[in-house]
Amino acid sequence: MIMEFTKWHGLGNDFILVEMTPDRLSPGQAAAFARKVCDRNFGVGGDGLVFVFSDEQGMFNMRIFNADGTEPEMCGNAIRCVAKYLYLKGLAKETAFPVRTKAGIKVPEIIIGDKQAAAIKVDMGEPILKSELIPFRGEPGSMIIDREIEAGGKKINITAVSMGNPHCVLFIDEMVDRFPVHILGPQLERHHLFPAKANVEFVEVVDRNIVKARVWERGVGETLACGTGACAVAVGGSLCGRLERKTEIILPGGSLFVEWGKDNHVYMTGPAEEVFSGRLFWKGMI
């Protein structure tokens with residue numbers, strides 16, 4: 001099977017976009033195809049494969065498969081890439097439009113500057129804080145805020161937030177650039193308290209409106225940026241009393257700006273850039 005693709009990134013978190021529904025493939029084929037094309041040595045290379053398509057109601061849809069073939073509910077950097085792709089290609093006629101994801105409908109807005117798409121602001125919806133909905137193995141109805149747990153033989157404090165996908169947020173008292181993310185990240189990703197696994201954010205607070213963060217993504221490993229992770233950091237920091245509700249999240253790939261609004265919705269603003277386009281062929285697909 002041959003198909004057109006476009007390579008995009010949001011602050012270095014990179015994706016391969018294809019215009020088709022994954023329902024044309026069996027679940028096993030979609031996962032295998034994602035692993036193949038995301039391979040940085042034998043494929044195009046990327047943190048994820050994104051399927052972009054319209055449903056029977058005419059609404060834009062986005063589904064993403066991680067580099068390991070797993071399918072997450074949502075990806076903040078990917079939806080910015082999808083939104084700009086749809087707008088620049090002329091498929092989206094307005095600057096703000098809904099996109100259906102496995103975490104529900106999200107609404108990106110193209111911010112125009114100097115007569116071009118300068119950034120994308122996304123209404124990411126309301127954060128999910130009840131333990132059983134994150135999901136986190138705790139007392140039903142409880143919120144996991146600065147909760148002490150044990151991981152890697154050490155006691156650490158975490159805050160759990162879902163932005164449609166589960167996040168484990170750690171505020172650390174040292175420079176995040178030197179923190180052993182590759183040791184603690186996979187331990188927390190697969191921690192028994194997170195039955196669906198978790199994305200893990202390691203956060204160094206600069207002041208009440210600025211943090212530096214690194215992210216260990218579920219099914220991918222450490223990435224240069226994570227949109228839902230930045231949102232979880234902003235919400236978690238506010239819940240812990242460490243941050244105001246409007247925060248700049250400085251990630252290895254650049255900055256995202258997140259506001260937890262008075263309407264309880266989380267708004268994320270950041271860039272998306274096209275890298276290149278090409279054609280894919282995989283004989284395993286029908």
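Between PRO166, PRO180, PRO72, the GNM of the chain built on Cα springs shorter than 10 angstrom shows PRO180 fluctuating the most. Ordered by the number of other Cβ atoms lying within 10 Å of each residue's own Cβ, fewest first, GLU126, GLU201, GLU148 fall into the sequence GLU148, GLU126, GLU201. Sequentially through region 41-52, phi angles give Karplus couplings (6.51, -1.76, 1.60; θ = phi - 60°) of 9, 10, x, 5, x, x, 7, x, 10, 10, 9, 10 Hz, Gly and Pro residues having no value and appearing as x. Rounded to the nearest Hz, the phi-derived 3J(HN,Hα) couplings of region 20-26 under the Karplus curve 6.51 cos²θ - 1.76 cosθ + 1.60 (θ = phi - 60°) are 5, 8, x, 5, 5, 10, 6, where x marks glycine and proline.
DSSP H helices in the chain with Cα extent of 15 Å or more along the helix axis and mean Kyte-Doolittle hydropathy at least -1.0?
Working: long enough: 27-38 (17 Å, 0.23); 76-88 (18 Å, 0.58); 227-239 (18 Å, 1.31).
Result, helices passing both filters: 27-38, 76-88, 227-239.
The gain in end-to-end length when the THR21 to MET3 segment is fully stretched comes to 5.3 nm, 0.36 nm per residue minus the alpha carbon separation.
How big is the antiparallel share of DSSP beta bridges in region 131-264, given as a percent to the nearest 5? All intermediate terms of the calculation are to be shown ahead of the outcome.
Details: 25 of 33 bridges.
Looking only at bridges with both residues in region 131-264, the antiparallel portion is about 75 percent.
Largest GNM mean-square fluctuation among ARG100, ARG245, ARG178, using the chain with Cα springs under 10 Å: ARG178. Taking other C-beta atoms within 10 Å as the exposure proxy, HIS191, HIS182 rank HIS182, HIS191 from fewest upward. For the chain, just say rounded, prolate or oblate: build the C-alpha gyration tensor, square-root its eigenvalues into a ≥ b ≥ c, call rounded for a/c under 1.5, and beyond that prolate if a/b exceeds b/c, oblate if not. Prolate.
If you rank MET143, MET124 by fewest surrounding Cβ atoms within 10 Å, what's the result?
Numbers: MET143 16, MET124 28.
The order, fewest Cβ neighbours first, is MET143, MET124.
Cross-link partners of LYS36 among lysines, defined as those whose alpha carbon lies under 24 angstrom from its own and excluding same-chain residues fewer than eight positions apart: LYS7, LYS102, LYS197, LYS283. If you take the Cα centroid of region 102-144 and the Cα centroid of region 219-257, the two points sit 12 Å apart.
FYI, it's all coordinate maths here, none of it is from the lab. It should be emphasised that the depicted structure is a prediction, and the values quoted were computed from it without experimental measurement. Methodologically, a virtual Cβ is constructed for each residue, glycine included, from the backbone with ideal geometry; neighbour enumeration extends over all protein chains shown.
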